[in-house]
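Below is one structure, written out as structure tokens, with a few remarks after it.
Please treat every number below as a calculation from the coordinates, not as lab data. These figures come from a predicted structure and were not determined experimentally. For neighbour counting, all protein chains shown are included, and Cβ atoms are generated from backbone atoms with ideal geometry for every residue, glycine included.
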Amino acid sequence: MSTNTTVEIYDESMVLPPVSGSTNFGYYDNDAQFVSDAPRFTKYAFRKLGGLIEDIELSPYHYYGALEDAVSAYGKELYEFKIRENYLNLEGAPTGSGNINNTLIQPNLGNVIRMAKDYGTELGTGGSVDWHMGSVPLQIGQQVYDLDAWAAASASLAPGDAIEVKRVFYQIPPAVSRFFDPTVGTGFGYQNMLNEFGFGSMSPAVNFMMMPVYADVLRIQGIEFNDEVRRSAYTFELINNKLRIFPIPAFERTVFFNYIKKSERDAIGRPVSGSLPQDLITNVGNVPYDVPTYTQINAPFRKWIFEYGISVCKEILGNIRSKYAVVETPGNGSSVTLNGPSLVEQARAEKEALMLSLRETLTQSSRRTQLENKAAEAASMREIQSDVPLLIYVG
């Protein structure tokens, strides 16, 4: 076997250098299984590339680096898949001090609820945006009130900010509050009896003891219908933060309302209690996955790594040979054409095929696919069992 003046070309008679310190990045130099497999992979790749028959212009360092590159490529695909599979559960979680390679990701509704809080903000049933309280004094004879002008003077807004009114506390008292008026009585003869039972202060919630519930509903509807027909309706209209009051105020009073600041509602970042922004998973690039632990990779995927590593070696060899596509043969003036370009093309095709195979395996192991397969299996089982004849037992 020939040797190079600057780089020692591997053959099986050589004493291999130690793995630790001979790889490109040293990711797996302290992994006992990697240190054991690297020399064996070197011999395996050397033979697969045609060693013992022809010179393979690669040094041991190329083989070690190719194996490291293959393990890292496997880890990249694996953990990118895990991030895609679980990102909804991961986003917003603390990055922590270590990697989550071996963490079992528990599906949860945390981020779904966090996103749903925005709907709660709009409905007034929760959310993560504060509702502020404001008030305007009603003036006799004035029907329209500009709440934007009020906000500019009273809401402590930053330049360019605005308010959005969520609720106005201006309506006729609810009918149920006038169902029982202790100053005039209800018109029914059971009031004294309720007082004797100690339930007088709880009316009408205890009327079901004497009257059916639909009677309460009919009276509430009667009060509301009476107000609509015989009394001026207390209502309002809010358009472009201009509050129009009905009827036109005949006496002075104060109207209260809830509002939010648009800058708070539209803020792209909201604080999460207990963590600083830099401590949270905010994008796929800071999910704390690390390079894989080679020892924990099982035999089928270790085989994939070996095949990918050989393709890396083949690509390196093709690039080396491509520098000297035609080599003159000393003595007889003939030349030899090297197969560098074809090796590079072949290696890239092999790497692409291996990647597609790995991605297909990962896709088939996804949570969604597994659930779909389980559902199909259950449906098939029910169909099979439906054809099993059922015996009729006569006692």
Checklist entry - Relative to the present Cα-Cα distance, how much length would full extension add between L218 and F25 at 0.36 nm per residue of separation? => result 61.3 nm
Checklist entry - Where Lys and Arg each count +1 and Asp and Glu each count -1, what net charge lies around V344 among other residues with Cβ under 15 Å from its Cβ? => result 0
Checklist outcome for this item: The local net charge around S380, scoring Lys/Arg +1 and Asp/Glu -1 for residues other than S380 whose Cβ lies under 12 Å from its Cβ, equals -1
Checklist entry - How do M133, M14 line up, fewest other C-beta atoms within 10 Å first? => result M133, M14
Checklist entry - Given I384, N373, L358, which one lies farthest toward the positive end of the charge dipole of the stretch 355-395, if we put +1 on the Cβ of every Lys and Arg and -1 on the Cβ of every Asp and Glu? => result L358
Checklist entry - What does the charge add up to near Y74, with Lys and Arg as +1, Asp and Glu as -1, over the other residues with Cβ less than 13 Å from its Cβ? => result +1
Next on the checklist: What FRET efficiency comes out for T235 versus R84 if R0 is 35 angstrom and r is the Cβ-Cβ distance? Round to the nearest 0.05.
Outcome noted: 0.10
Next on the checklist: Give me D148, D290 sorted ascending by neighbouring Cβ count inside 10 Å, so fewest comes first.
Outcome noted: D290, D148
Checklist entry - Fully extended, how many nm does the chain gain between R40 and V144 (0.36 nm per residue separation, minus their Cα-Cα distance)? => result 28.8 nm
Next on the checklist: Once R0 is set to 30 Å, what does the formula 1/(1 + (r/R0)^6) return for the Cβ-Cβ distance between E352 and N99, expressed as a FRET efficiency to the nearest 0.05?
Outcome noted: 0.60
Item to check | Anisotropy class of the stretch 1-107 from Cα gyration tensor, a/c 1.5 cut | outcome: prolate
Next on the checklist: Given Cβ point charges of +1 (Lys, Arg) and -1 (Asp, Glu) and nothing else, what value in debye, to the nearest 20, does the dipole of the stretch 339-395 about its Cα centre take?
Outcome noted: 260 debye
Checklist entry - Roughly speaking, what is the stretch gain from S366 to H132, that is 0.36 nm per residue apart minus the C-alpha to C-alpha distance, in nm to one decimal? => result 79.7 nm
Checklist outcome for this item: A correct fewest-to-most ranking of L104, L58, L280 by other Cβ atoms within 10 Å would be L104, L280, L58
Checklist outcome for this item: Any lysines whose Cα falls less than 18 Å from that of K314, other than same-chain ones fewer than 8 residues away, would be K43, K48, K303, K323, K351
